[in-house]
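The values are calculated or read from the model by the stated rules, or taken from the named source; none is laboratory data. It should be emphasised that the depicted structure is a prediction, and the values quoted were computed from it without experimental measurement. Here the Cβ is made from the backbone with ideal geometry for all residues, glycine too, and neighbour counts use every protein chain on show. With ligands, DNA and RNA removed, areas are computed over all heavy atoms of the protein, side chains included. Shrake-Rupley method; radii C 1.70, N 1.55, O 1.52, S 1.80 Å.
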Amino acid sequence: MLCLFSLVGCDNGQEQPNNEPKKSLTLFTESSMSFDAKGGVDCKILFELQGVVEDALPEVACDADWIAEIRTGNTIVLFNVLPNATTESRSTKITVSYEDMSFDVDIAQSGLVVNVEHRANVLNGEYCAPNTGCISSRNGNYFAILSMNGTTGFAHLYIDQYYRFDFYSDKTVGLNETASIPHGTYRLDTNNTGEAWTFSRSYSTRLEPKEDGSYVENYYTDGVVVVSENSIDALLTLDNGEVHHVVYNGTLELSYMVIENNGPYSWLEEDYNFNHTGGIIRLLYYGDYTEGSNWVVQVMECQNPINGDYFSIDLMAPATGFVADYVCGSYTKATDNPYQASTYTEAQYAVIEDDYVNPRAGAPIVSGTITIERDGLDFVLTFDCVDDLGYKITGTFRCGLLEMYDKSSGCA
């Protein structure tokens, strides 16, 4: 027994093993990241921190002001890379550390590679409150148009270059308040969800009307718009592959130009009556709203190429959904509410010559009734309307060939 205790006593005098876990900080993603000029949102750095107290977090540091909204979790660092609005590349590093352990992640961002530099002089547009006709039921809709010379309305086109943006923000405008585009960064929403800090693809386009009455329209396939105090800076990729950098400096308040003694635009010199058969009707569906669905109805005498009389009507059908028969009904000119069912906001009579609008023919329809009916397989449109000179535009347009296009997702 004494011998045994002696052995135990000798063991107690030996150095005891250290059972504390070893501390370590390990990077699991690449040690360098590269971004294009558009930047990125919720970029990730993955790591593992071992041998420390539960829920301990490392410190994260970066001295570049274009690295924003750094957030740290147990195994992840999230950060945003702001758009680079210059043609110069830039670089920085993000340092992740805990006590005496650390690692760096190098961040590089390229500058703009721009095909078109455009400086806009005028901002026009309008505000749509949630649940009053815009895509979103919870976010404010700021429809903005940048151009050189301005415009008098949503669909009023002059010889100019128009950059149109369908912005959404969680900041709304109260009654009797002036609508101004909220400051922030907006990104293209190809799914047209109406989420805050996006602009929808459906109604965001570049339009360039020509002197012959035709126009070029390009949808955006990618884009970032930065709105700051008295400034809009947009980097846009168009569906033709071009990258446009659009800059505007001035007020952010939304309104349209008011032109005294505007018009008339009609080229008619007397009442016009017609009776066309064998025509084509083209239905362009732009989505559902609170009070109905938005369609542009186009009728023409022939196509490939288009020639002869041509009518275009932007209307709100009372039913919702992508169904041809839903456009049937009687429509009158909209007054205060452009989203009221069974009304049309814009209607135009034109004369087309080999796919081009004759600029010295046709007339805007400013009042009257347009009725669309189904007669067997045919659509019959009856016009009892007036142009801006007071001349009557009356007659019927029977169309046996139907074309339908779903434009609600912004498809060109």
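Data for the structure
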read-out: Total residues in segment 372-393, condition in a strand (DSSP E or B), free of Cβ contacts under 8 Å to residues at least 40 places away in the same chain and within 21 Å of Lys333 (Cβ to Cβ); value: 5
read-out: Number of positions in segment 19-29 that are touching a residue at least 12 places away in the same chain (Cβ under 8 Å) and open to solvent by 70 Å² or more (accessible area, probe 1.4 Å); value: 5
read-out: Condition broken by Asp100, with the remaining ones in (1) in contact (Cβ under 8 Å) with a residue 12 or more places away in the chain; (2) more than 22 Å from Val226 (Cβ to Cβ) satisfied; value: (1)
read-out: Which listed residue, of Val114, Val105, is aliphatic (A, V, I, L, M) and either open to solvent by 30 Å² or more (accessible area, probe 1.4 Å) or on the phi > 0 side of the Ramachandran plot (or both); value: Val114
read-out: Scope segment 358-371; condition touching a residue at least 40 places away in the same chain (Cβ under 8 Å) and within 23 Å of Gly400 (Cα to Cα); matching residues; value: Ile370, Thr371
read-out: Residue count, segment 46-84 (criterion: on the phi < 0 side of the Ramachandran plot and surrounded by fewer than 16 Cβ atoms within 10 Å (Cβ to Cβ)); value: 20
read-out: Those residues of segment 372-398 which are open to solvent by 40 Å² or more (accessible area, probe 1.4 Å) and of a type in the set (Phe, Trp, Tyr), in sequence order; value: Tyr391
read-out: Test for Tyr344: is it more than 22 Å from Gly362 (Cβ to Cβ) and either under 26 Å from the mean Cα position of the chain (by Cα) or at pLDDT below 95 (or both); value: no
read-out: Wholly within segment 118-174, strands (runs of 3 or more DSSP E) carrying at least 2 residues that are surrounded by fewer than 20 Cβ atoms within 10 Å (Cβ to Cβ); value: 122-128
read-out: Matching entry among Thr343, Thr335, Thr369 (being out of contact with any Gly (no Cβ under 7 Å at 6 or more places or on another chain), surrounded by 14 or more Cβ atoms within 10 Å (Cβ to Cβ), of a type outside the set (Asp, Glu) and at negative phi); value: Thr343
read-out: Residue list for segment 239-248, filter: modelled with pLDDT under 95 and among the hydrophobic types (A, V, I, L, M, F, W, C); value: Val243
read-out: Residue selected from segment 181-209 under the condition under 30 Å from Asp354 (Cα atoms) and among the polar types (S, T, N, Q), by the criterion surrounded by the fewest Cβ atoms within 10 Å (Cβ to Cβ); value: Thr205
read-out: Residue pairs meeting the criteria (Cβ under 7 Å; at least 6 apart or on separate chains; first under 14 Å from Ile145 (Cα atoms) and free of Cβ contacts under 8 Å to residues at least 24 places away in the same chain, in segment 225-241; second open to solvent by 20 Å² or more (accessible area, probe 1.4 Å) and assigned to a strand (DSSP E or B)); value: Ser231/Asn249
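To keep it simple, each residue is scored yes or no on (1) open to solvent by 60 Å² or more (accessible area, probe 1.4 Å); (2) within 25 Å of Thr152 (Cα to Cα); (3) at pLDDT 95 or above.
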| site | (1), (2), (3) |
| --- | --- |
| Glu211 | yes, yes, no |
| Glu229 | yes, yes, no |
| Gly250 | no, yes, yes |
| Ser266 | no, yes, no |
| Thr290 | yes, no, no |
| Glu301 | yes, no, no |
